[in-house]
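S.K.: Have a look at this one.
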Amino acid sequence: MNATTPVRSLRDWLDRLSGDGRLAIARPGIGLRHEAAAVANRLDGRQASLFPQPGGHPGTIVSGLVSSRAWMAEALGTTQDRLVAHFQQAAAQPLPWHERNSAPAQEVVHREGLDILKLLPVPTLNEHDSGPYISAGLMISRDPETGLQNVAILRCQISGPDRIGVLVLPRHTDNFYRKAEAQGRGLEVALVVGVDPACLLASQAIVPLGHDELEIAGALTGQPLDVIKCLTNDVRVPANAEIVIEGRLLPEIREPEGPFGEFPQYYGERAKRHVMQVDAVTHRRDPIFHMIVGGGLEHLLLGAIPREATILATLQRSFPGVEDVHLSLGGVGRYHLYVRLRKTQEGEAKNVLLGAFAAHYDIKHAVVVDTDVDIHDPQEVEWAVSTRFQADRDLVVIPHAQGSKLDPSGREGVGAKMGLDATVLLDAPPMKFKRIRVPGEAEVDLDAVLAPGADWRAVIG
């Protein structure tokens, strides 16, 4: 597949998808409560979906924008086999953003009498979600000491007309919040909905504190990202965004949030969470609201690809024989890692497994295979395990290790790690693990050799 021109706005990407039949347009009035999410899930991975006037609201919803690796690569102007390497390079060499004085994201401004559900068509997604959620919003915050920004996708429950419950995980946004809270003030933030695929993917980058993911977004498309300063605070947001919700994460205040359908395809529990007070809403004319259905392909892939880039770089620093990694969809794009290794020493694969578990705490099960195995094909990996792995020799188990707090089988984020060395023994006889192959199979031109529609009785008579 050849590389394409990168897209730099949501609307450009919708034009691309629509141009070759990858965008399905629903009839007006599809329901906001579950119905839009149900349609989006049925189309997931095959077509993006656009919902005009959902639930009688004058707005528009879109979903399934990046529900395949091929689509993601196309949107970034690269190829699928280069996608992880392309992301690695962008994260290592970010481009400073370019600030504008005016932007489409601020064509329409609302400051008084704010009511989010009247302004925006916010859907309710999974069956037991506690209510309408902004599921594809980029939460952009600024370090109150340095002014450096952070970008993350956080789940956001509409708790009142101008109040949003936010699940803030113990990462960079939380670091900024604690600094602001220690000063007795709220953390200035912006919740941005409706951005290009590069901004979406960059928001999930695993980088050290102080790295602005909007600069990675620019590097992903090869051009500095245009940004605009918010009207009520100093946060900079993508200039071509569809919707920007400006506000503050309030100090010392926690209110109930959840449950919400999460990426493991279970519900994140209800608990007291941070609260965002909304100060203003700006948007483009006729804004498009992006919806990510919890646990769908878009949700899983946005988390998987940046993690793969980080894990691969981490492993390659210690193990130059590691050629590729893959977080499988069966492992919800987080928990199951496959590693392709050009092994040179016995025992090396087990060290790689230990390195993989250290690279990201979410990894629960890891499999190391040889270079002849396609790690992007789960059937190939299963075949390698079935024919090259022996549990008494090749199994690594690490009990009581840190894992994902969203894994329902763990205990408050503590569980076991399991690694499988499914590589061939280096001293094995050459023919013992030789894969069978029919010569010329890949080169057969089926159109030239097959006779469609022929009657078998006629051809043998």
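The values are calculated or read from the model by the stated rules, or taken from the named source; none is laboratory data. Everything quoted here is computed from the prediction, not taken from an experiment. Backbone-built Cβ (ideal geometry, glycine too); neighbour counts: all protein chains shown. Heavy atoms of the whole protein, side chains included, go into the accessibility calculation; ligands, DNA and RNA do not. Shrake-Rupley method; radii C 1.70, N 1.55, O 1.52, S 1.80 Å.
S.K.: Just the residues that are surrounded by fewer than 23 Cβ atoms within 10 Å (Cβ to Cβ) and either hydrophobic (A, V, I, L, M, F, W, C) or not in a helix (DSSP H, G or I) (or both), please, taken from the range 342-351.
M.R.: Arg342, Lys343, Thr344, Gln345, Glu346, Gly347
S.K.: Going by the structure shown, is Asp234 open to solvent by 40 Å² or more (accessible area, probe 1.4 Å), in contact with a strand residue (DSSP E or B) (Cβ under 9 Å, 6 or more places away or on another chain) and under 18 Å from Leu201 (Cβ atoms)?
M.R.: Considered against the rule, which asks whether it is open to solvent by 40 Å² or more (accessible area, probe 1.4 Å), in contact with a strand residue (DSSP E or B) (Cβ under 9 Å, 6 or more places away or on another chain) and under 18 Å from Leu201 (Cβ atoms), Asp234 comes out as no.
S.K.: Please work out which residue is most open to solvent (accessible area, probe 1.4 Å), limiting yourself to the range 305-341 and to residues that are acidic (Asp, Glu) and over 13 Å from the mean Cα position of the chain (by Cα).
M.R.: The residue in question is Glu323.
S.K.: Is it true that Val368 is buried (at least 19 other Cβ atoms within 10 Å of the Cβ), within 26 Å of Gly415 (Cα to Cα) and among the β-branched types (Val, Ile, Thr)?
M.R.: yes
S.K.: Sticking with this one: How many of the residues in the range 24-80 are among the polar types (S, T, N, Q), outside any loop (DSSP other than H, G, I, E, B), touching a strand residue (DSSP E or B) at 6+ places or on another chain (Cβ under 8 Å) and open to solvent by 20 Å² or more (accessible area, probe 1.4 Å)?
M.R.: Of the residues in that region, 1 qualify.
Here is a yes/no grid of residues against (1) within 24 Å of Leu125 (Cα to Cα); (2) surrounded by fewer than 20 Cβ atoms within 10 Å (Cβ to Cβ); (3) touching a residue at least 24 places away in the same chain (Cβ under 8 Å); (4) in contact with a Leu (Cβ under 6 Å, 6 or more places away or on another chain):
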{"site": "Lys229", "(1), (2), (3), (4)": "no, yes, yes, no"}
{"site": "Ala241", "(1), (2), (3), (4)": "yes, no, yes, no"}
{"site": "Arg254", "(1), (2), (3), (4)": "yes, yes, no, no"}
{"site": "Phe260", "(1), (2), (3), (4)": "yes, no, yes, no"}
{"site": "Gln265", "(1), (2), (3), (4)": "yes, yes, yes, no"}
{"site": "Glu269", "(1), (2), (3), (4)": "yes, yes, no, no"}
{"site": "Lys272", "(1), (2), (3), (4)": "yes, yes, no, no"}
{"site": "Gln277", "(1), (2), (3), (4)": "yes, yes, yes, yes"}
{"site": "Val293", "(1), (2), (3), (4)": "yes, no, yes, yes"}
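S.K.: So Val7 ticks every box in (1) touching a helix residue (DSSP H, G or I) at 6+ places or on another chain (Cβ under 7 Å); (2) over 20 Å from Arg284 (Cβ atoms); (3) of a type in the set (A, V, I, L, M, F, W, C) but one. Which box is left unticked?
M.R.: It is condition (2) that Val7 fails.
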